[in-house]
Amino acid sequence: TTMAADNALAKLDALLSEVSSGVGGVAAQLAPAPVAISVANAGVRPASGTAKPVPSGKAKGAPPPPPEPAAPEDPVAAVEFARKLELALSVGEECQTVDDLRNLLAKKPNFTCYDGFEPSGRMHIAQGLFKAINVNKLTSVGGTFVFWVADWFALMNDKMGGDLFKIQTVGKYLIEVWKAAGMDMSRVKFLWCADEITFKAATYWPKMLDIARCFDLDRIKKCCMIMARAEGKLTGAQILYPLMQCTDIFFLRADVCQLGVDQRKVNMLARDYCGKVGIKLKPVILSHHMLYGLKAGQQKMSKSDADSAIFMEDSAADVERKLMQAHCPREPPVMTAEEAAAAAIAAAAAEADPMHLVKDALQNPCLDYVKHIIMSRPGATFSAGGRTFTDAADVRSAFVAGDLSEQQLKRALVEAVNEVLQPVRDHFEHDPAARELLAQVREFSKEPAPPSLRRLELLGAADKACIVCAPVITGHVTLSAVFSTARRLQAAPAGCLPVLWVRDWSAIALGCYDGQPKPISASIGVLLGALEALFPQLMARTRVLWQSEAILRDPSNYWISVIDVGRRFSLKELVALEPPPANDQAGYVVKVLMHVADMLALSPTHVVCDPAERALFEFADAYRAQHAAALPATRVETIAACTLQLREPSLSVAEAECEYSVLDSAANDAGAKMKKAFCALGDAERNGPLRVAQELIRLGGKLALKRKLEDGGDVEYTDPALLEVDFRASKVHPGDLKPPVVALVSAALNAIQAKLKETPEAKKAEGDLRTALKALAKVKK
């Protein structure tokens, strides 16, 4: 028993050593030591609560010591554990990270693997057989494999002409292929993106918005197609794509992301997000090899080139024709100086977006098929040239050495590929439902589908809505925000319904309160309480609509409309709507796309907005005019924000000290802030106290100045314009103005805070906002 235990542990140590050093066995097939991906952080506010104290005795920024390898102590179990680890690692060219995978297998015997696929046409052999082999390997070591049928992603990428019915039909066809290809379905689930997200929209979309707020556009663009990046052809939808794909990982609670090397950067985005928001258990990334195309120079197969790959329903004759004419070099090509220079440029581009992490000078697709299609199953063999091979490396060596001719290799490969494809052909020939699916897929055209508009429908032309957007609040709810919002609602034309549109989900994408929904909702709840306290008649005729609640009425149509907007506009067009630095975050792009979808849902006849947002509203109306002309045109009017700042903020003076907040204490803050307010004699331009007084007079207040007779005597102002005239003429001294303004402010604050105590919801909003403000204050310190 002791000898058996020693042997088992020695085998485990050898395997772990191989994996760590990258020498021998499966590890020899892995890439060199993975290079950490850095995340562009310019302009990104770090998520709260992610900073960790540095233990004493350790240098700040030093990496933590590597965790001890988790492995069973029982010798028999140790051997089995080593087998499982080796089999799981054989799936990928790279594993991020081996330690994480080892610990996952040790601590979570039943784990969840994930792969997302776009239903975008016929299935080639890599997506069919190679995927089935990898799935079976992972399910055999304890994984449950979740296939995310990414019909919405295909829609974003204009697959099948953007026709969702065609996309979903292709998805059903692909599932039939896997069933016939020998995939063990006992531990496999197929979940449809559109359905799952619609049913759990309240979970999925806030997570996507939070991921968007955490990254700048440069980081997200790295996840997009290199050609589109290089030529500046990225669309808004192509920014949504990696954000949603990253969201999928968390939505599905995936422990292992098992996709191709071409999806590595998006999967690494999920690990980076974990670091930003303090998630300790990061998903393991197992990136499988990308099979070469059958023609010279093709780094991967192409569905647009039928001769670049074997497809799962190809006839035996198709397979023979394609493989017999396939590129099959025995040695690396000899290049001229010009060809070498061009190859160097191509290699540099490949380094930026690698399709392969293991360098292969031959890039022989026939040998690639032998290794990854024919011989990647445990125990598989390959017979060619009168020999039976048990290792793909031996096939390669025999071919390179000339012991195996090109004809012998190809003839044997044709026979082997046809053998593994025959069950699939039989299934689609003899199963009526499968045969009908294949016929439909073959007939589908890639021409764009007839244009159709899908949108959330909230209001119609009969409502004659005048939309005012509630301010996007990032800290204190100020009196300025209250009065600015009221001014715009008051400007609604006669006969129009004033609608206050609360963009609470957009606020997540913009990083308000570090993207936390609770304080975002609380800030709006407090704003509404203040408006109801000071402007009761106005609010009685105003309809308040929350973006989140509205979207959840019909999330599918809403987000399809967002995606559709993204498909029609380039990233350049979207970014140009606001100047930097506001437009360099991924969350900004999401906010713009959502804004257009919002306006389609609301279909207003009028909008009253801040001048800074005019371009955004006109952009939305231009989209409506082109793609939804049946909806009413929108007349856009701007009203500048009400500025009630009492003094300029500085390094020593926080913004909260420079303006009245609706949660300020009437007894303490009203007088203390006014005492420090800038108020120069005769200066009406930069005069916060004067502006506050004018707004409160318009509200119905009376400004009663108490003065000695020789100073002009007592006077009462009910006209804000007259007060300004007298102040400019130096008839009102700053020392006489401030005390009665404090009285008016105190009355307003008392009214607001009394209103906030009337209902449990308002009380909770006030409490949640105070808690959030305390947390923000700690972070700033």
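Among the protein heavy atoms of the chain, carbon and sulfur supply 54% of the accessible surface, probe 1.4 Å, non-protein parts ignored.
Modelled label positions at Arg614 and Ser730, each set 7 Å beyond Cα in the direction of Cβ, lie 3.7 nm from each other. Taking 7 Å steps out from each Cα toward its Cβ at Asp184 and Thr112 produces label points 2.1 nm apart. What is the distance in Å between the Cα centres of the stretch 726-745 and the stretch 372-418? For the stretch 726-745 versus the stretch 372-418, the Cα centre distance is 94 Å.
Rounded, prolate or oblate: which one fits the chain, using the alpha carbon gyration tensor with axes a ≥ b ≥ c (rounded when a/c is under 1.5, else prolate when a/b beats b/c, else oblate)? Prolate, because a/c is 1.5 or more and a/b exceeds b/c. Average accessible surface for the chain: 45 Å² per residue, computed with a 1.4 Å probe over protein heavy atoms with every protein chain in place. Taking Cα atoms, how many degrees apart are the long axis of helix 164-180 and the longest axis of the chain, rounded to 10 and kept between 0 and 90? Tilt of helix 164-180: around 30 degrees.
Separation of the stretch 514-541 from the stretch 460-494 is 11 Å, based on Cα centroids. Residue separation of Val334 and Ala680 scaled by 0.36 nm, minus their Cα-Cα distance, works out to 116.4 nm of gained length. The stretch 231-259 and the stretch 619-681 have Cα centres lying 36 Å from one another.
Annotation: extensible slack from Ala576 through Ala296 equals 96.7 nm (criterion: 0.36 nm per residue apart, minus Cα-Cα distance). For Leu705, neighbours were defined as the other residues whose beta-carbon sits under 13 Å from its Cβ, and their charges (Lys and Arg +1, Asp and Glu -1) total +1. Which shape class, rounded, prolate or oblate, goes with the stretch 670-718 when its Cα gyration tensor gives a ≥ b ≥ c as root eigenvalues, a/c under 1.5 marks rounded, and past that a/b bigger than b/c marks prolate? Oblate. Taking label points 7 Å from Cα along the Cα-to-Cβ direction, Ser315 and Ala630 give a separation of 4.7 nm.
Note: relative contact order over the chain, using C-alpha pairs below 8 Å and six or more positions apart, is 13 percent. Per-residue extension of 0.36 nm, minus the Cα-Cα distance of Val779 and Ala754, leaves a gain of 6.0 nm for this segment. When the pairs Lys282/Lys774; Lys207/Lys591; Lys207/Lys518; Lys108/Lys179 are compared against a 24 Å limit on Cα-Cα distance, Lys282/Lys774; Lys108/Lys179 fall above it.
The values are calculated or read from the model by the stated rules, or taken from the named source; none is laboratory data. Keep in mind that this is a model prediction, so the values were computed, not measured. With ideal geometry, Cβ positions are generated from the backbone for all residues, glycine too; neighbour counts draw on all protein chains shown. Just the protein is used for accessible areas: all its heavy atoms, side chains included, with ligands, DNA and RNA removed. Shrake-Rupley method; radii C 1.70, N 1.55, O 1.52, S 1.80 Å.
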